[in-house]
Amino acid sequence: MITARAPWRLPVPAPALLGLAAAGAATLALVVAAPLLPFGDGLRLTAPGRVLLLASAVALGLTIVLAPHRVPRWELVAAGLGALGGQALLLAVADPLAVAILLVLVGFAFATRPSARPFSARARGPAFAAVLLGVGWTFVRMPGPAWVGRAGALALALGLVAAAGLVPYLAEVDPDEPASSSYVAWTGFFGPALALTLPGRLLTSMSAADAAVFGATLVGLGLVNLAWGTVGAWRTATDMDAWRYSFLVDWGLALVGIGLFGRDGFAAAYLAFVALVLVRLPLYLWARPALLGSRPARLGPLNVLLAVLLAGAAPFSGFPVRLLVLNVATQAAWPLAIPLVAAMLMGITYAMRLARTLGEHRGLAAIGLWVVLGISLVLGVLPGVLRAVAGL
Amino acid sequence: MTEAIAVAGAALAWLGVTLLAVAEGRRGLALGLATAAGGLATAAAAAGQPPLGVTALLAGGLAAAVLRLRSGGRGWNILPPGSTPRLMAALVAVLGAGLVASSEIASPAGAARVAGLVVAALALARILTTERRWAALGAGSALALGLGTLGGATGLVAGAAVAAGLGAIDGAEAAEAGG
């Protein structure tokens, strides 16, 4: 009982925050300046990676300045810079094994963030994902029986899903834990960085048979997450869980897109991840006051507009993603479109529920909500421009 | 000759990570980490990895081991009651890695790969089962070293840097709430 009533956090010492911010900023600068440095070959930001990094920086700036928070903003600036540095490394490091190793560092460093859950429990997810990715990468390159390569491809696909904390590795999320400390940061920030760049780097070293296993596993896990997220967000008892499951829906579509290997499929995943970082994650932060009960949930005119956005309908950011995934799925195997369309239609059922939790905001927070809505509209109306910038 | 050195290095790495897995004291954990680093570096050197990478791996592992002595359970506390499952896991891990890499275990590169796989698997098992922050950090360093041995020079240097970096994180349980 005493433990339950204990404050969930103690103040983080200023030197630790300064160190985190400095390390993050230095890493970010190193990644951006890498092409000019002698060892620049090991750090290469792809065009989609550059866009995602920029989107992440914009999302961090937007949420730190405008979103309602319980955590002091200067602490969020430090944590945000650290996270951005970590994300930049995950996006830029060209060697998949080095990415797996860095995942251990990022995971353990992130687990030091204040939380009521023990450090060891929060470090397990990234460590497990790192082993799956590292061992999988070793297996696909190892000479030997064919089953070793296929097991490696399977481990790589599972590693991507484990890093993001998706089904079947759904991580525990404490509702009281701030987003900057919870596993939601992996699902909505670090995970997209891994899933956007790693598949392209992995596929160049895989045999056709191993690549087929990798793709099929991603499609299968994508469909499972899509179904789990859609039904979960609709049927779950708490609004907090509904938000969490809604992330799975975006991930499900992205995984199906990646797994089908088409140009449009990769483009769908890229658009889904940019929207996840720039729209879904910020909206979740705006919903937190209502989720924690400090503000009432309500359905105003803006919330109805946000419900349309959250349902993935036109003209917002979710629509081109759905259109592209359906296009690729029907080209690859038309029955695949049936569960996709069903999940997309069912998305309407929980969108209103999520939109309600965004409540009513005033001042800077209200401006921020409109800005996110505007960003989603731009992403939905101009997907071609975004694809062209990323060379997709 | 290089085959024998690589196999000896792999055996030393397995011994080190087994020690790390069954130690509940900071000295036992640091000794396990240092031994694992020494074994992995030996196997990697015998496998023909670049000397700079091998030296970096050894230095990173030793630095992580020394840094882990700052906090954690007192003394050695090796094989406390309840360690039998971890000891069994250590035996199973070496058998499993041998099964996967059976076709190339006789080569130095194969032995180094088996060493890396065993260290990574047992370090992960420790992370998944411990509730102690310092033990998880020590196992995290071992995990980085093990994964680093599976690659080339980039992997070795990255593994060393991450192992030492994790060593710099405070392992005191009191820091849990504040971060």
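Please treat every number below as a calculation from the coordinates, not as lab data. Small disclaimer: the values here were computed from a predicted structure and weren't measured. Quick reminder, even Gly has a Cβ in these numbers, built from the backbone with ideal geometry, and neighbours come from all protein chains shown.
Tabulated values for the structure
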| item | result |
| --- | --- |
| Any chance B:Gly146 is within 10 Å of another protein chain (Cβ to nearest Cβ), closer than 16 Å to A:Ala98 by Cβ and either over 11 Å from the mean Cα position of the chain (by Cα) or among the aromatic types (Phe, Trp, Tyr) (or both) | no |
| So A:Ala79, is it loosely packed, with under 14 Cβ neighbours inside 10 Å, hydrophobic (A, V, I, L, M, F, W, C) and assigned to a helix (DSSP H, G or I) | no |
| Qualifying residue in region B:32-48 (condition: more than 13 Å from B:Gly116 (Cα to Cα), surrounded by fewer than 23 Cβ atoms within 10 Å (Cβ to Cβ) and within 11 Å of the chain's Cα centre (by Cα)) | yes |
| Residue match in region A:135-156 (condition: of a type in the set (A, V, I, L, M) and within 21 Å of A:Met240 (Cα to Cα)) | no |
| Single match in B:Ala121, B:Ala161, B:Ala139 (criterion: within 10 Å of chain A (Cβ to nearest Cβ), surrounded by fewer than 24 Cβ atoms within 10 Å (Cβ to Cβ) and under 13 Å from the mean Cα position of the chain (by Cα)) | B:Ala121 |
| Test: residue in region A:28-49 that is among the small types (Gly, Ala, Ser), surrounded by fewer than 19 Cβ atoms within 10 Å (Cβ to Cβ), more than 13 Å from every other protein chain (Cβ to nearest Cβ) and under 30 Å from B:Asp170 (Cβ atoms) | yes |
| Residue that is nearest to A:Gly229 (Cα to Cα) [pool: residues in region A:339-392 that are outside any helix (DSSP H, G or I) and touching a residue at least 12 places away in the same chain (Cβ under 8 Å)] | A:Leu358 |
| Any hit, region A:237-256, residues being part of a helix (DSSP H, G or I), farther than 28 Å from A:Leu198 by Cβ and not acidic (Asp, Glu) | yes |
| Candidates A:Val135, A:Val106 - the one that is facing chain B (nearest Cβ under 7 Å), assigned to a helix (DSSP H, G or I) and among the β-branched types (Val, Ile, Thr) | A:Val135 |
| Filter pass, A:Ala100 being assigned to a helix (DSSP H, G or I), of a type outside the set (S, T, N, Q), within 11 Å of another protein chain (Cβ to nearest Cβ) and under 21 Å from A:Ala129 (Cβ atoms) | yes |
| Condition check for A:Phe189: away from every other protein chain (no Cβ under 14 Å), surrounded by 24 or more Cβ atoms within 10 Å (Cβ to Cβ) and in a helix (DSSP H, G or I) | yes |
| Hits in region B:99-118 - residues which are of a type outside the set (Ser, Thr, Tyr) and more than 17 Å from the chain's Cα centre (by Cα) | B:Leu99, B:Val100, B:Ala101, B:Glu104, B:Ile105, B:Ala106, B:Pro108, B:Ala109, B:Gly110 |
| Selection from region B:18-34 of residues that are among the charged types (D, E, K, R) and not in a helix (DSSP H, G or I) | B:Glu24 |
| Members of region A:59-95 found to be without any contact (Cβ under 8 Å) to a residue 24 or more places away in the chain and either within 14 Å of chain B (Cβ to nearest Cβ) or more than 16 Å from A:Gly368 (Cβ to Cβ) (or both), listed by number | A:Pro72 |
| Number of positions in region B:95-114 that are surrounded by 22 or more Cβ atoms within 10 Å (Cβ to Cβ) and away from every other protein chain (no Cβ under 12 Å) | 2 |
| Whichever residue in region B:125-136 is crowded, with 24+ Cβ neighbours inside 10 Å and facing chain A (nearest Cβ under 7 Å) and, among such residues, is farthest from B:Ile5 (Cα to Cα) | B:Arg133 |
| Filter pass, A:Ala116 being outside any helix (DSSP H, G or I), farther than 14 Å from A:Ala185 by Cβ and at the interface with another protein chain (Cβ under 9 Å from one of its Cβ atoms) | yes |
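Table: residues versus (1) without any contact (Cβ under 8 Å) to a residue 60 or more places away in the chain; (2) within 22 Å of B:Glu24 (Cβ to Cβ); (3) charged (D, E, K, R).
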site	(1), (2), (3)
B:Leu79	yes, yes, no
B:Leu99	yes, no, no
B:Glu104	yes, no, yes
B:Glu131	yes, yes, yes
B:Gly171	no, yes, no
